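One structure below.
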Amino acid sequence: MLPELQNLLELQKTDREILRLNEEIASLPKRVAAIEQKLAGTRAILEKAKTAVKADDAARRKYESTIQDFQQKISKYRDQSLDVKTNEQYRALQHEIDFSQQEIRATEDRILELMVNAETRDKQVKAAEAELKAETAEIEKEKEEARRTTAEDQKQLAEWTAKRDQFRAGVPADLLRHYDRVVKLRKTGLSEVRDQKCMTCQVMLRPQTYNEVRSGEQVVICDSCQRILYFDPATEVIAEKVVAPSRRRARPKADAPQGWYYLPEYGEHGEVLLGFTNANGTATRRIYDFNTGRQIGDIVIREGDYHLAFPEDLSGDYIRLNGSWNEAELESWGNEMPMNALDSLHADLQAARTESSRHHNQHAEAAH
């Protein structure tokens, strides 16, 4: 592997660690704020309980004052009853005395309710005070842990930053600018290649590109995601032994909802591959260059089965091929067929031609 690629790999690891440390450092103040908010909530509960106790005390004092006022009225009414001249005046004063006594009893009942509630209020205050004390101790411990973690992260950040400068110095300026630009857009600047595929964007590479990446003798950029490609022999999967194809080629089913065709001549484009799919009463056609796999023109959709919807495309010489990819896979191809799909159709075309040649020779021999 080129030294600049090795430095870029180390640089990417360093950048990821620096990003992780920065995110952790940035998250710690939020964590402390959340801790403080939790403590503020417990304080609010305690203050609410104390306020309720104070309100009950104030109400009880008010009720006691009210009772004293009625008792003074009763005393005054009784003194006045000694000097009354008529029964009506006496009955009026007695009525006031009875009313005041009723109000005293009602007020005493309210005081009794407050006294019963006072025990519950007191328990609430003590529980809130105990919870606040326990939470304060725990929160101080968490805050100290957050401060310790921040100090450790900042120390590591300084060390990783020094390593980052060292690795950046070992990468050519143009390549470094490309790496920085891709990182800014896509978070990562490099991607491993495995099984002829960019492991980040999942796009298949052409055989020549794949071989260039495997050789490690030059810098290769992914055409799809623009990441710098590298190959790690340690992760290479040992290819399974290729099984020789059977002498008899599988024939495509005539009523299959998908059909692939090779046309040796298609207008000004020459050799092409036509892909048809039937779904929900409509037919879809895609055209690809036979050699490069690049899409030609737009995707066309018509009503009906593709045999009837596109008769002009199947009126000349063609060879029906084996191929079946679901709509999601076809959509993911974008403007270019992946190499594995293109190679599969090429191989089936070769098998179809070999089979046709073999049948022709057999018929010739039989006729002779």
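Every number here is computed from the coordinates shown, using simple stated rules; none is lab data. Quick caveat: nothing in here was measured; it's all calculated off a predicted structure. Every residue, glycine among them, receives a Cβ derived from its backbone with ideal geometry; neighbour counts consider all protein chains shown.
Going by alpha carbons, how many degrees (0 to 90, nearest 10) lie between the helix axis of 87-169 and the longest principal axis of the chain?
30 degrees
Which of 295, 99, 26 sits farthest toward the positive end of the charge dipole of the chain, with +1 on the Cβ of Lys and Arg and -1 on the Cβ of Asp and Glu?
Selected residue: 99.
Using Cα pairs under 8 angstrom and six or more residues apart, how large is the relative contact order of the chain, in percent?
Relative contact order of the chain: 14 percent.
Going by the alpha-carbon gyration tensor, a ≥ b ≥ c the square roots of its eigenvalues, is region 72-154 rounded (a/c under 1.5) or, if a/c is not under 1.5, prolate (a/b greater than b/c) versus oblate? List each step's numbers first, then the result.
Details: a/c = 9.18, a/b = 6.09, b/c = 1.51.
Prolate is the answer for region 72-154, as a/c is 1.5 or above and a/b outweighs b/c.
Measure out, as a whole number of angstrom, how far apart the alpha-carbon centroids of region 144-195 and region 271-312 sit.
Result: 47 Å between the Cα centres.
List the lysines whose Cα lies under 19 Å from the Cα of residue 73, skipping any in the same chain that are fewer than 8 positions away.
Within the straight-line limit of under 19 Å, residue 73 reaches these lysines: 62.
May I ask for the longest run of the chain untouched by trypsin sites (Lys or Arg not before Pro) that are loop-located per DSSP and have at most 13 neighbouring C-beta atoms (other than their own) within 10 Å?
254-368
With volume of the Cα convex hull per residue in Å³ as the read-out, I listed (i) 178; (ii) 347; (iii) 164; which label goes with the value calculated from this structure?
Comparing each candidate, only (ii) matches the computed number.
Under 17 Å Cα to Cα from residue 123, which aspartates and glutamates show up? Leave out anything in the same chain fewer than 8 places away.
Within the straight-line cut-off, residue 123 pairs with 47, 56, 57, 113, 131.
Pick out which of 22, 211, 280 has the largest mean-square fluctuation in a Gaussian network model of the chain, springs linking Cα atoms closer than 10 Å.
Maximum among the listed residues: 280.
Lysines within cross-link reach of residue 30: Cα-Cα under 28 Å, excluding same-chain residues under 8 positions apart?
Cα-Cα hits under 28 Å: 13, 38, 48, 133, 141, 143, 155, 184, 187.
For helix 3-81, what angle does its Cα long axis make with the longest principal axis of the chain, in degrees from 0 to 90 and rounded to 10?
20 degrees
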